Every structure is written in structure tokens, then in C-alpha cells.
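*Asks:* Okay, here's the structure, questions in a sec.
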Amino acid sequence: MNKILLWVFGIVAGCSTCRAAAPRFQGGKIATPPVIDGEFSESEWAGATKVTGSYYTDGNEATGFPIEAYLAYDGKYIYFAALCGDPNPSEVRAQEYRKNTFAREDDTVQFGLSTFGLLDNTHNFTLNPRTASHVYIPGGKANKVEWAGEVDSVGKVTDKGWQVEARIPWSILRLPAKTGPTNMRFHVQRQVGRTGRFMVQQYLNSDKVEDMNIWEGVEIPAQARPRALKLLPYSYAGFQQDGKPIRNLGVDLKTPLTNSLELIATANPDFRNIENSILGLDFSYFERLAGESRPFFLEGQEFFGSAQSIFRSQRVPKIDAGAKVIGDLNDRTRVGVMTLQDFGKQSSSVVSVTGNPDDTFTYNTGLAHLDREDLQSAAAYASMAKRLGKATASARWSRHHDSVIGTGNDFATNLSYNDQGWGGYINTGRREKKYRPRLGFAVENDYQGVNIGAFMDRVPTTGPYNNYGVSGSVETYSRLSGKSYRKTSSFNAWVNLRAGLSISTWAMMGQNFGFDDNTRGFNLTYPYYDGRRFIGGSFTWGHQGGKPYQAPSLDLAYPVTKRIQTNFSAQFVDHFIKQTQWIGTATADLGGSQSLSTRFVRQQNNYNVYFSFRKSGTAGAEYFAILGDPNAQSFRTSLILKAVFPIEIRY
């Protein structure tokens with residue numbers, strides 16, 4: 001194993017790749033902005049930068065689905081237009097109309113813009129043939145317009161396909177600290193809603209990502225992000241099951257420190273209107289964590305993403321106050337600093353730094369600290385990754401010290417290869433028994449070993465298959481004492497048909513914790529590319545943990561009308577004991593960013609249901625009325641009325 005580690009480190013230290021020559025586009029600064037009405041005309045976009053091309057994700061030309069895009073800007077906005085050809089315009093999907101909504105089942109086009117000129121750290125703007133738009137800001141964001149910003153877009157279906165125009169405020173972008181001419185990177189891709197297939201304006205294989213389009217000399221306006229203190233005070237009142245009244249208030253705030261750094265803070269946050277994710281019943285030897293859904297932690301969460309082994313926000317279930325600074329120290333260094341207070345109980349903090357000295361090398365480092373009356377816990381980590389053509393080599397080290405359990409170390413390496421849908425990897429790891437970061441997610445320890453795998457995924461241009469593939473892996477891990485720990489092999493295969501049927505199957509066999517395990521299963525979904533209307537099911541069976549294992553499941557989605565969406569899932573597990581889980585949701589779009597929704601959950605003999613009215617998702621005040629507790633294990637009688645009033649103070 002040590003030879004493998006030295007080999008991987010040798011590759012990282014000794015190899016380098018040359019910068020490729022990326023296509024360069026100039027111009028785009030305009031004096032007269034285009035009218036954003038979906039009625040594209042070349043005269044309106046005469047000063048814009050134009051790009052063309054259309055390729056499937058395997059590099060083959062997407063005949064019949066051309067992409068023609070236009071980029072322009074002035075002192076207030078960046079402008080984007082796309083003409084998306086389609087041989088069957090009547091089949092273009094354009095259902096969603098709401099802003100700040102990801103139109104997953106529609107035809108869409110995505111404009112990606114890296115304002116720092118890097119290959120990552122990219123803003124993504126996804127638009128459909130109507131007025132729906134979704135904004136992704138590098139680092140992550142909460143879904144509040146006053147904080148995330150809003151894009152105006154209008155599209156329409158034409159006799160040649162569809163087209164869309166959009167304007168993007170400079171004020172919502174993460175920008176370099178400098179102003180004036182800057183080279184930016186960009187990409188354009190589209191999705192055909194009826195098939196789920198993606199096309200890109202510029203095809204880049206894994207060893208050619210440095211060729212991503214460059215938009216040269218874009219002049220960032222001064223004060224592109226106006227200095228303002230943005231406040232989101234809230235207040236709620238109601239009663240709980242005992243009939244006693246409850247009330248509370250608090251505030252969130254956000255303000256830019258520079259063009260590329262911002263401060264976010266919260267005092268007495270309330271998450272009563274937030275649905276927590278629900279874990280399935282699938283068997284695991286290790287702890288599982290549900291996804292994060294609390295807005296304070298979603299805002300800028302990716303600035304802390306590389307620190308997941310030593311910090312996960314789910315490890316902090318309650319806070320009275322919190323503050324963080326996120327953003328870019330310079331064009332190639334990103335930082336996140338956060339402190340959290342649960343007064344009288346614990347204090348938590350985390351620092352994470354990510355750097356890209358060049359487009360092929362990334363490093364991460366960070367610290368996390370937990371302070372409680374009964375313990376002190378601190379963890380540090382450092383990692384690096386080097387892309388070597390079609391291969392990537394990486395290594396990670398982490399150390400944890402705890403006043404109760406002592407000190408432990410963690411070390412891992414990875415070498416992977418990817419070439420047009422096929423490749424492989426080799427992972428090695430060594431983790432000591434006392435490596436247990438309290439704020440992190442390191443669910444197993446006291447092991448060393450290796451995991452080797454390979455995969456293939458093909459995307460044929462013609463024929464009945466949208467894509468198909470196989471993957472397999474073998475792992476062998478022992479305790480640090482040398483005693484066998486885990487030795488398993490697994491196999492997966494999948495095929496997605498153009499007709500809409502998705503089929504996947506899997507199998508696993510080996511030894512875990514002294515048990516001879518073997519499982520196999522399959523999943524069917526139709527149509528797999530339509531999240532609003534589908535039916536799917538899976539079945540897994542075998543032996544795990546020394547007991548027979550069976551786990552069938554069912555998933556359904558059905559739009560009762562264009563504005564009423566229902567979803568249902570059921571899972572049954574027979575393993576040691578019989579368990580059941582039923583989840584049903586329904587949402588009615590009332591228009592004007594108003595909606596009614598409900599969720600029903602049954603787990604064993606526990607039942608919970610809640611109902612809510614929401615007016616949220618656009619600028620201005622937000623209102624919530626919630627009957628029941630969204631996250632209780634069983635139904636609790638309660639009624640909460642909550643209001644959020646955004647305030648902006650310019651300075």
C-alpha cells in the first residue's frame with residue numbers, strides 16, 4: 001500500500017500539462033440594450049458576441065439541434081440570447097413560467113459564466129422557452145430574491161425550434177475585486193425536454209477543459225455590487241399542542257465587504273417553515289446524514305464543501321446566532337469562515353480555504369473547532385488535486401484531537417482516469433481509531449485498504465438507446481492491526497431508452513464485519529426524464545448482517561392539473577424487523593408566488609401530516625401559515641403564522 005501512495009504522490013509532484021489554446025471572443029459592450037421580450041432580432045443584438053456549435057456529450061455533432069448564442073453587456077447588465085433549433089418544434093416543452101424555478105422537465109438552455117476566468121467557480125443561468133429562470137451562484141445560495149438576485153428572461157417557441165432572451169444584473173454576481181477589462185470563461189448547453197438529452201455549444205473532453213471559451217476584455221463596471229445592508233427580519237405567532245401561545249422574532253442579514261467578499265449573519269433563526277429531508281430505510285453499517293435544508297447554512301455552503309470530513313452543518317442541530325464571511329480573497333483563492341453559537345451549550349467554528357494556482361491544480365485546507373463545557377474538539381485537514389490530461393491525482397490528510405478520546409489521523413489518495421465516458425480509479429485510505437471529528441462526517445475508522453473500480457457509459461447518436469453503461473469495483477480493507485474488515489465486490493449496469501424507460505441493476509458480494517453479505521437488485525422508471533409525471537420501482541434482496549434482506553420500493557409523480565403536482569413514495573424493508581415508510585406530497589400553485597402544500601409521512605406506526613400556505617419566491621414580504629409541524633415524528637397540533645419583511649439600507 002505504501003508503494004501505491006508513493007506512486008500517486010510522485011505523479012502529483014512530477015507531472016505537468018501544457019495550457020491548451022482556448023477559443024477567444026471579443027466585444028459585446030453595447031450602448032443600446034436589447035429589449036427582453038423573446039422577439040430576437042439581429043439588429044438589436046448587432047454589437048453582441050456570437051457563438052455557434054452543437055455537440056452531444058460524447059463529442060458527436062448534434063445534427064438537427066443547433067445552438068446559436070449571443071453575449072453582450074453594459075454598465076448594469078449582462079445580456080444573453082439563445083436560438084435553439086429543433087426538427088420538431090411542436091414537441092418543445094415549455095410548461096414552467098415562474099422565476100427562480102428550475103424547469104427540469106422543459107427544454108432549457110444554460111449559460112455558464114466564470115467571472116474570475118477559472119474553469120470552476122461558475123455562475124449558471126438556466127432558462128426555458130417561457131419566463132422561468134434559475135440562478136446558481138458559486139458557493140450556493142438560499143432561495144430569497146433579495147439575497148440571490150433575479151434574472152429577467154422571456155422565451156418563445158418558433159417554427160425552427162425556440163429562442164430566449166435574458167438580462168443578468170451585475171449586482172448578483174460574484175466578481176473580482178478589481179474593475180476594468182477582465183477575461184471570463186463561459187459555456188452554453190441545452191437540454192431537450194422530451195428526451196432528457198444534453199447538447200453543448202463547445203465539446204470539451206476531460207483532457208481539454210482548459211479549452212473552455214474565453215470572453216476577452218469584459219469591462220466590469222465600478223460599484224457593480226452596491227454597498228447595502230440587507231436585512232430579513234421575521235416574526236411569528238401561534239399556538240402549540242398544549243394550547244399555549246408561542247411567538248418569536250429574529251433577523252438574518254447580508255452585506256458585501258468587497259466585490260468578492262460578503263458577510264452573512266443570523267440572530268435567533270427560525271426554521272419552522274423548512275421541511276427537513278427524510279432518510280430512507282435502506283440498511284447501512286454506517287451512520288447516514290440527511291441533506292441540509294436550513295437557509296442560513298445553504299447560503300454559501302460550497303465554500304465549506306471541501307471541509308466535509310471535519311465539518312457538516314447537520315452536526316449543529318440548533319443555533320442562537322451565527323455569522324460567516326464567504327468569497328474570494330483574489331482571483332484564485334476562495335475562503336469561508338463561520339462561527340455558530342448555541343448560548344450556554346456549545347460554540348462551533350470552521351475555516352476553509354480553496355486555491356487554484358493554475359487551471360490544473362487545486363488545494364484545500366481548513367480547521368474546525370467545537371467548544372463545550374464537557375469537551376474540546378479540534379480538527380484540521382489539507383488536500384490537493386492535480387489534473388494530468390485525462391487523469392487526476394489527489395491526496396488528503398486530516399488530524400483530529402479530542403479532549404475525551406484523544407488524537408487520530410486520516411490519510412487518503414485517489415488516482416482516476418476519464419476518457420469520453422469510460423475510465424477507472426484507485427483509492428487508498430488509512431484512518432486511525434481515534435479519528436472522530438465531532439463536527440465532521442467520518443463514519444468509520446481504524447482501517448486501511450484500497451478500492452479499485454472502472455466504468456463505461458456510452459451515448460450513441462442513433463438507435464433506441466439514449467445511453468447505457470456498466471461499472472464495477474473491488475475493495476479490501478483491514479483493521480490497522482491487520483485483522484480483516486471489509487472485502488467486497490460490486491457490479492452495476494444501466495440503460496436509458498429513447499422511449500423513456502430506464503433500467504438499472506446491481507449486485508454486491510463479500511464480507512463486512514465478519515458477515516458474508518450478498519445483495520442484488522433492479523430499478524425501473526418510466527419516463528425517467530420527466531420529474532412531474534413518472535412511475536418507478538425497485539427491489540433489492542439478499543443477505544446483510546447475517547440476516548435475509550428484502551426491500552421493495554415504489555415512486556410516483558403525477559400532475560393532477562398544470563398547477564397541482566402530487567408525489568408519492570413507499571418503501572418496505574424486511575431485515576431483522578419489518579419496516580415501512582410512506583411519503584406523500586401535494587402542491588398547488590395559486591399564481592403570484594402563492595402556493596398550498598402538504599406532506600404526509602408514515603413510519604411504522606407513527607403518522608405525521610402538515611399543511612401550509614406560502615407566499616414566497618419573489619421580491620418583497622413573505623408570508624407563511626403552517627398547520628402541524630413539518631418535521632415532527634408524529635402529528636402535533638399547532639398553528640403558526642410567520643412573516644418575513646426584507647429591508648435594504650444603502651451606505
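The values are calculated or read from the model by the stated rules, or taken from the named source; none is laboratory data. This structure is a prediction, so every number in the text was calculated from the model and none was measured. Note that each Cβ is placed from the backbone with ideal geometry, even for glycine, and that neighbours are counted across all protein chains shown. Ligands, DNA and RNA are excluded from the accessible area calculation, which covers all protein heavy atoms including side chains. Shrake-Rupley method; radii C 1.70, N 1.55, O 1.52, S 1.80 Å.
*Asks:* May I ask you to list the trypsin sites (Lys or Arg not before Pro) in region 96-204 that are in a DSSP loop and have at most 12 other Cβ atoms within 10 Å of their Cβ?
*Replies:* Details: sites: Arg98, Lys99, Arg104, Arg130, Lys141, Lys144, Lys156, Lys160, Arg167, Arg174, Lys178, Arg185, Arg190, Arg194, Arg197; in loops: Arg98, Arg104, Arg130, Lys141, Lys144, Lys160, Arg174, Lys178, Arg194.
Here the trypsin sites (Lys or Arg not before Pro) that fit, given the DSSP loop and packing criteria, are Lys178.
*Asks:* Shifting gears a bit: Quickly estimate the mean residue ellipticity at 222 nm for the chain, helices only: each DSSP H run with n ≥ 4 gives -39500 (n - 2.57), and the total goes over all residues, rounded to 500.
*Replies:* Details: 3 runs with 21 residues, N = 651.
Dividing the helical sum by the residues of the chain leaves -1000 deg cm²/dmol.
*Asks:* Among the lysines, which fall within straight-line cross-link reach of Lys642, defined as a Cα-Cα distance under 30 Å, with same-chain neighbours fewer than 8 residues apart omitted?
*Replies:* Straight-distance partners of Lys642: Lys99, Lys141, Lys144, Lys230, Lys244, Lys254, Lys318, Lys324, Lys345, Lys562, Lys615.
*Asks:* Residues of region 108-126 with amide nitrogen under 19 Å from the 7 Å Cα-to-Cβ point of Asp152?
*Replies:* 125-126
*Asks:* Within 10 Å of each candidate Cβ there may be at most 13 other Cβ atoms; applying that plus a DSSP loop requirement, which trypsin sites (Lys or Arg not before Pro) in region 243-322 survive? Write out the running numbers ahead of the final one.
*Replies:* Working: sites: Arg247, Lys254, Arg272, Arg288, Arg312, Arg315, Lys318; in loops: Arg272, Arg288, Arg312, Lys318.
Answer by residue number: Arg288, Lys318.
*Asks:* With a ≥ b ≥ c the root eigenvalues of the C-alpha gyration tensor of region 188-328, is it rounded (a/c under 1.5), prolate (a/b larger than b/c) or oblate?
*Replies:* Details: a/c = 2.16, a/b = 1.37, b/c = 1.57.
Taking the square roots of the gyration eigenvalues as a ≥ b ≥ c, region 188-328 is oblate.
*Asks:* Between the DSSP loop rule and a limit of at most 11 other Cβ atoms within 10 Å, which chymotrypsin sites (Phe, Trp or Tyr not before Pro) in region 274-341 are left?
*Replies:* Working: sites: Phe283, Tyr285, Phe286, Phe296, Phe297, Phe303, Phe304, Phe311; in loops: Phe283, Tyr285, Phe286, Phe311.
Of the chymotrypsin sites (Phe, Trp or Tyr not before Pro), the ones in loops of region 274-341 whose Cβ has at most 11 other Cβ atoms within 10 Å are Phe286.
*Asks:* Tell me the net charge near Arg458. Cut-off is 13 Å between Cβ atoms, Arg458 excluded, with +1 for each Lys or Arg and -1 for each Asp or Glu.
*Replies:* -3
*Asks:* Taking all protein chains as present, what is the carbon and sulfur share of the accessible area of the chain, in % to the nearest whole number, probe 1.4 Å? Don't skip to the answer; put the middle values down first.
*Replies:* Numbers: 16390 of 29470 Å².
It is 56 percent, rounded to a whole number.
*Asks:* Provide the per residue accessible area, probe 1.4 Å, for the chain, rounded to a whole number of square angstrom. Walk me through the intermediate numbers first.
*Replies:* On the way: 29470 Å² over 651 residues.
On a per-residue basis, the chain sits at 45 Å².
*Asks:* Highest first, please rank the peptides 65-77, 580-592 by the mean number of other Cβ atoms sitting within 10 Å of their residues. Don't skip to the answer; put the middle values down first.
*Replies:* Numbers: 65-77: 20.0, 580-592: 15.2.
Result, highest mean Cβ count within 10 Å first: 65-77, 580-592.
*Asks:* Which value, in debye to the nearest 20, gives the size of the charge dipole of region 174-224 about its Cα centre, when Lys and Arg are +1 and Asp and Glu are -1 at the Cβ? Mind dumping the intermediate values first?
*Replies:* Values: 7 positive and 5 negative charges, 72 e Å.
The dipole magnitude comes to about 340 debye.
*Asks:* Quick check for me: using +1 on Lys/Arg Cβ and -1 on Asp/Glu Cβ, what's the dipole size of the chain about its Cα centre, in debye to the nearest 20?
*Replies:* On the way: 71 positive and 61 negative charges, 250 e Å.
So the dipole magnitude of the chain works out to roughly 1200 debye.
*Asks:* For Tyr136 and Val209, what does the FRET efficiency come to when R0 = 22 Å and r is the distance between their Cβ atoms, rounded to the nearest 0.05? List each step's numbers first, then the result.
*Replies:* Working: r = 19 Å, r/R0 = 0.85.
Efficiency at R0 = 22 Å is approximately 0.75.
*Asks:* Moving on to the next point. Is there a quick way to get the dipole size of region 240-313? I mean about its Cα centre, with the Cβ of Lys and Arg at +1 and of Asp and Glu at -1; what is the value in debye to the nearest 20? Don't skip to the answer; put the middle values down first.
*Replies:* Numbers: 7 positive and 10 negative charges, 47 e Å.
Taking the Cα centre of region 240-313 as origin, the dipole is about 220 debye.
*Asks:* Next up: Note the per residue figure in Å³ for the convex hull of the C-alpha positions in the chain. Before the final figure, lay out each step's value.
*Replies:* Numbers: hull volume 106.1 nm³, N = 651.
Spelled out: Cα convex hull of the chain, divided by residues, is 163 Å³.
*Asks:* 7 Å from Cα along Cα→Cβ at both Ala570 and Ser478: what's the point-to-point distance in nm?
*Replies:* That separation, rounded to one decimal, is 4.8 nm.
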